[in-house]
Amino acid sequence: MYKKKFCHIVIMMLLFIVNGAMDIRAQEIERSELVGAYTFNFARLSSSEMQRSLPTYNIALLTEEESLVHEFKAIESTLKINDKKIKLKVDKSVKSNYNQCCMVVVGDDKQKYYDAIFEMTKGKDIILVCINYPNPRNILFNIYDTPDGNILFEINKGNIYQRNISIKKEIELMGGTEVDVKELYLQAQEKLVDTEKQLHYLKADIDSANQLIDSSEKEINNYKKEIVEYAKTMNQQKQELNQLQNKSAVLSDKLSSQNEEVVNSKKDLAAFQDSLSLLKYELKFSSEEIENNRRILLEQRDEINSKELVLHEKNKVIGKQKMTVVAFIAGFIITLTILILLYRSEKQKRQQNKLLAQKTQELEKLNSTKDKLFRIISHDLLSPFSGMLGISNILDLNYDELKDSERKDYIGLINNEMENYLKLLNNLLEWSKLQTDDIKFSPTVCKLEDIIQSEINNVNISASHKSIKVRFENEKQYLVLADCNMISIMVRNLLMNAIKYSDKNSVVEVKCTKKTNEKGKMLTEVSVIDNGIGFDEKRLKMALAEGVMSSQPGTSGEKGTGLGLFLCNEFAEKHGHQLKIESSTGKGSKISFSLETQN
């Protein structure tokens, strides 16, 4: 037992001594012990979030080879990985999941289960180790027997990095090879130059958006200062108005009392006039009584004079009252003028608040556009490079060892990645121009059938890769009033989506139909119909929501961002309509948009 443990320790030390380890032949060590040693070092020289979160280093071993099981049990009982105890679980068949495993090892006798385990653990930071597995595209770590009797290993950094697993450089000193790419690096560089130019244009758009945001913030600050000054002025005017209202109330009370006095004086004057009329009547019929009454009249005249004096005094009082009324009217006019000024000020304040709300909404929209743009650049523009980098590393390090068919496969992978990347950049540029109003809506009379046929010719190569037929029965002429460039982009994106989500040997159909809307206006409806995997309602809402990008892989694993469908909806709204989508999971989709028919 002690002799076997000592043998394990010697093997571990020899693998990490660079000057001596490369010359050791695999025939000198039992095969199972060397497999265990390689596996132990793969675990020791790699790290992931799963390894750091678990208290033990859990290994699932899928094999029925007794020597291999014995070797791993010996490692479990004698060694540790990153100061954590090793916990081994031996299985003879695939389990439902390996969520609590740091590493899964698949023996030669269980190779048929490796692809299922690879798909089951995809997207998780779980290390997979296989033995003599023939397909290098799906491996992480593969230990294989060479024709001359040696045991070597190979790794696929692209799959390792895709699972967020980091590895140390010492793995390269253990004598293994790396499945990566070399020759396509220079070809990828040419396409990357064009990509960098387009990124430069995007950066310029972002800078202009930032400048607009800065200027909007300055305008908002100025509006805030004006509102503060206006509030101060309003408070002063309110105080003056309260003072005028108090004075007006006092004057109103005085005027009421003086009105009562005037009424009483009028009553006295009416009584006096009645008595005077009676005296004149009596003078006509009694001259004798005139003399007798002269004395009375003189007395009455004196009395009248005294009353006239009193009346004169009252007239003075009435004159003063008239002045008071005039003053009250003037005060009322001043008060009314102040109220009118206050109303105009309040109206101006509401207009300023409305303008401020519009500016704030525009600023929020610009911030939202900027956030969406940065999110797309940080995620969707960078993610394709990880796959291309992994494939290019395979060719770079193993170009001479790869077969022509393998090189062609890797070249095809990089070409597909670059095509998807260019499509994403084109859609992203169109979307960014739309968000910053660089794209002007310029409707003209367009021949719809020519635009559709041209875009079908453009996508026929992509369709032929999946043996898909794109069918368009061009029997009539369709003249529409629309922006021809926007219509081309919409048709192209809808066709590419239909091809991406359709099965091989299927048909994608384009139809044009004329119809009348509820207002009696003649419209031409363009529909793209496929029998693919369709959309569920939740994913469809996410794809059409503003600022939300959601996509799912195509039927052949094609990648996407959801930006194309979102862009089509934006352009459809520019033409006064929205996309009409009829879809259900597994039954295909029918996506339509309407345009104004031009006679």
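The values are calculated or read from the model by the stated rules, or taken from the named source; none is laboratory data. Just so it is clear, the model here is predicted, and its values are computed rather than measured. For neighbour counting, all protein chains shown are included, and Cβ atoms are generated from backbone atoms with ideal geometry for every residue, glycine included. Calculation scope for accessible area: heavy atoms of the full protein, side chains included, ligands and nucleic acids excluded. Shrake-Rupley method; radii C 1.70, N 1.55, O 1.52, S 1.80 Å.
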(request) Provide H200, H577 ordered by accessible surface of protein heavy atoms (probe 1.4 Å), highest first. (result) H200, H577
(request) Using the structure shown, select from K476/K500; K110/K587; K440/K504; K469/K580; K80/K403 the pairs with a Cα to Cα distance greater than 30 angstrom. (result) K110/K587; K440/K504; K80/K403
(message) I need the phi-derived Karplus couplings for the range 323-335: 6.51 cos²θ - 1.76 cosθ + 1.60, θ = phi - 60°, integer Hz, Gly and Pro marked x.
(response) 4, 5, 4, 4, 4, 4, 4, 4, x, 4, 5, 4, 4
(message) Along its three principal axes, how long is the range 456-538 when you only count alpha carbons? Whole Å, largest extent first please.
(response) 42, 32, 23
(request) Mind scanning K95/K590; K225/K541; K466/K515; K354/K538; K73/K95 and naming the pairs with a C-alpha gap bigger than 31 Å? (result) K95/K590; K225/K541; K466/K515; K354/K538
(message) Once R0 is set to 60 Å, what does the formula 1/(1 + (r/R0)^6) return for the Cβ-Cβ distance between K122 and A330, expressed as a FRET efficiency to the nearest 0.05?
(response) 0.10
(message) If each residue of separation counts as 0.36 nm, what is the full-extension length gain between D145 and D396 once their alpha-carbon separation is subtracted?
(response) 88.0 nm
(request) Provide the per residue accessible area, probe 1.4 Å, for the range 454-503, rounded to a whole number of square angstrom. (result) 46
(message) Can you tell me the length gained on complete extension of the stretch L422 to Y201, counting 0.36 nm per residue apart and subtracting the Cα distance?
(response) 78.1 nm
(request) Rank these residues by their accessible area, most exposed first, probe 1.4 Å: M323, M522, M234. (result) M323, M522, M234
(message) Once ligands and nucleic acids are excluded and a 1.4 Å probe is used, how much of E401 is accessible, expressed in Å² to the nearest 10?
(response) 130
(request) Extending each Cα 7 Å along its Cβ direction at E240 and S77, get the distance between those two points in nm, one decimal. (result) 10.2
(message) Using protein chains only and a probe of 1.4 angstrom, how many square angstrom of K403 are accessible, to the nearest 10?
(response) 140
(request) Determine ³J(HN,Hα), in whole Hz, for all residues of the range 311-320 in sequence, where each value follows from phi through the Karplus function 6.51 cos²θ - 1.76 cosθ + 1.60 and θ = phi - 60°; x replaces Gly and Pro. (result) 5, 4, 4, 5, 4, 4, 4, 4, x, 5
(message) Need one word for the range 46-180: rounded, prolate or oblate. Basis is the Cα gyration tensor (sqrt eigenvalues a ≥ b ≥ c); a/c below 1.5 gives rounded, then a/b vs b/c decides.
(response) rounded
(request) In nm, give the distance between the simple-model label positions of R344 and K514, each being 7 Å from the Cα along the Cα-to-Cβ direction. (result) 5.8
(message) What distance in nm lies between label points placed 7 Å from Cα along the C-beta direction at S256 and I220?
(response) 5.4
